[in-house]
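Quick notes on the structure that follows.
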Amino acid sequence: MASRTDVAAGVRVRPAAVADADWLAEVSRASFARHLHDYLTSAQPGVGRFWEVVLAHPESFPGRCFLVAEDENGRRLGFADLTRVEPGMAHLSYICVVEAARGRGVARELLRAYARAHPGLRSMRLDVFADNAPARALYDRLGFAGDATTTWWVADLALGGVVPAADVRFEGLHTARAWLDTYGFGELTVVAGDATHVLGRPSVRVLRCFDPATLRRPAVVAAVVRAFPGIDRVLVMTPGEDAPPSAVGPLRAVNRSLRMSTSEIRARLELP
C-alpha cells in the first residue's frame with residue numbers, strides 16, 4: 001500500500017479564487033446523481049454566480065473556507081468547502097474530486113490543508129448520502145461515526161380541487177424572485193393567518209417544507225404554487241425512516257443522509 005506521502009505526491013492545495021467559481025459548480029454537479037439535482041442547491045445553474053459572491057466577499061461569510069487541490073501542472077483536481085461552526089469544530093459541506101483524480105488521496109490532502117491552517121481544529125461534522133459508498137469509506141478511515149439518519153421525502157403535488165388559501169401573503173417576494181432568477185434557488189417566507197412558513201426553493205421545480213406540518217396545509221401550498229407555477233414537487237427531510245403525514249401528495253423516499261462526526265480528525269490526518 002502506498003504511503004500517505006506517495007499518494008499525495010504532486011498534490012498542492014490553495015485557497016479558491018473567484019475565477020474558480022464556475023469550475024466549482026461544474027465539479028459539484030458532476031459529483032451527485034442526476035436524479036438528485038432538483039433537490040440540491042449546489043446542482044443549480046446559478047450556483048457558480050452564488051459562489052463568486054462568497055469568494056469575492058469572504059468577510060460576509062465568516063468562518064467559511066473553500067480550498068482547491070491542483071497537480072504539479074496546475075490542473076484542478078478537487079475542492080473542499082468547510083465552515084467553522086464553533087470553536088474547535090468545522091462543518092464539511094462539500095468535498096468533491098474530479099473522476100480522473102479519485103483514489104489519489106486528494107480529499108485527504110484537502111482536509112489536511114484545512115487542519116494545518118486551523119491548528120485549533122479538534123472535531124469535524126458532515127452530512128453524506130447513505131448510498132455514497134466511496135465517501136463513506138473515506139470518512140470511516142478518518143474516524144467519523146454516524147450520529148443520525150435523515151430521510152429525504154418527495155411528493156409530486158396532487159392539489160386538484162384545492163382552493164388556494166386567501167389569507168396568504170409573501171414577505172420579501174421581490175428578493176425571493178431575484179434569488180431564484182439569479183441563482184436558481186432561494187427561500188420564501190409565507191404568512192398564512194397567524195402562522196409563518198419558511199420554505200426553501202432548492203430548484204425552480206421543488207418547494208422544500210422545513211416544517212413537516214406544512215404538508216398538512218394544502219391550501220397554503222396551493223397558494224405558493226399559484227405564485228410560482230413552476231413548482232411541481234415538495235421536499236421534506238425528517239429524522240429516521242417514517243414518512244410524515246401529507247395532504248399534498250403521496251411521499252416517496254429519494255435518499256437518506258447520515259450526519260457523521262469525529263473528535264479525532266487531527267490524529268487520523270496524522271497531524272499534531
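None of the figures in this text is laboratory data; all of them are computed from the coordinates on show. Every value quoted in this text rests on a predicted model; they were computed, and no experiment measured them. FYI the Cβ positions are ideal-geometry reconstructions off the backbone, even for glycines, and counts take in every protein chain you see.
Here region 230-255 is scanned for amide nitrogen atoms under 19 Å from the site 7 Å beyond the Cα of residue 198 along Cα-to-Cβ, giving 235-239. Evaluated at q = 0.26 Å⁻¹, a Debye calculation over the C-alpha positions of region 148-215 (equal weights, vacuum) places log10 I(q)/I(0) at -1.31. Using a cut-off of 11 Å between beta-carbons, work out the net charge of the residues near residue 25 (Lys and Arg +1, Asp and Glu -1, residue 25 not included). That works out to -2.
Each residue of region 34-45 was assigned a 3J(HN,Hα) from its phi angle through the Karplus curve 6.51 cos²θ - 1.76 cosθ + 1.60 (θ = phi - 60°); the sequence is 4, 5, 9, 4, 5, 9, 10, 4, 6, 9, 7, x Hz, with glycine and proline shown as x. For region 85-147, a simple Cβ point-charge model (Lys and Arg +1, Asp and Glu -1, everything else neutral) yields a dipole of about 320 debye relative to the Cα centre.
Projecting the Cα positions of 255, 37, 103 onto the charge dipole of the chain (unit charges on Cβ atoms of Lys, Arg, Asp and Glu, taken about the Cα centre) puts 103 furthest along the positive direction. A convex hull fitted around the alpha carbon atoms of region 7-120 yields 107 Å³ per residue. Only Lys, Arg, Asp and Glu carry charge here, each on its Cβ (+1 for the first two, -1 for the last two); on that basis the chain has a dipole of about 340 debye about its Cα centre. Any chance you could give the angle, 0 to 90 degrees and rounded to 10, that helix 106-117 forms with the longest Cα principal axis of the chain? Rounded to the nearest ten degrees, it is 80. Applying the criteria of a DSSP loop state and at most 12 other Cβ atoms within 10 Å to the GluC sites (Glu not before Pro) of region 171-272 yields 241, 270. Here region 158-248 is treated with +1 on each Lys and Arg Cβ and -1 on each Asp and Glu Cβ, and its dipole about the Cα centre works out to around 260 debye.
From its DSSP helices (H runs of at least four residues, each -39,500 (n - 2.57)), the chain gives a residue-normalised ellipticity at 222 nm of -7000 deg cm²/dmol. At full extension, residue 33 and residue 270 could sit 82.1 nm farther apart than now, given 0.36 nm per residue minus the alpha carbon distance. By the scheme Lys and Arg +1, Asp and Glu -1, what is the net charge of all other residues having a beta-carbon under 13 Å from that of residue 228? Combined, the nearby Lys, Arg, Asp and Glu give +3. Database remark: amide H of residue 77 closer than 5 angstrom to the amide H of 69, 70, 71 (H placed geometrically; neighbours at sequence offset of 5 or more, or on other chains; Pro and chain starts carry no H). Each of 180, 123, 16 was placed along the dipole of the chain (beta-carbon charges, centred on the mean Cα), and the one lying farthest toward the positive end is 123. For the chain, the C-alpha radius of gyration divided by 2.2 N^0.38 Å, with N the number of residues, is 1.10.
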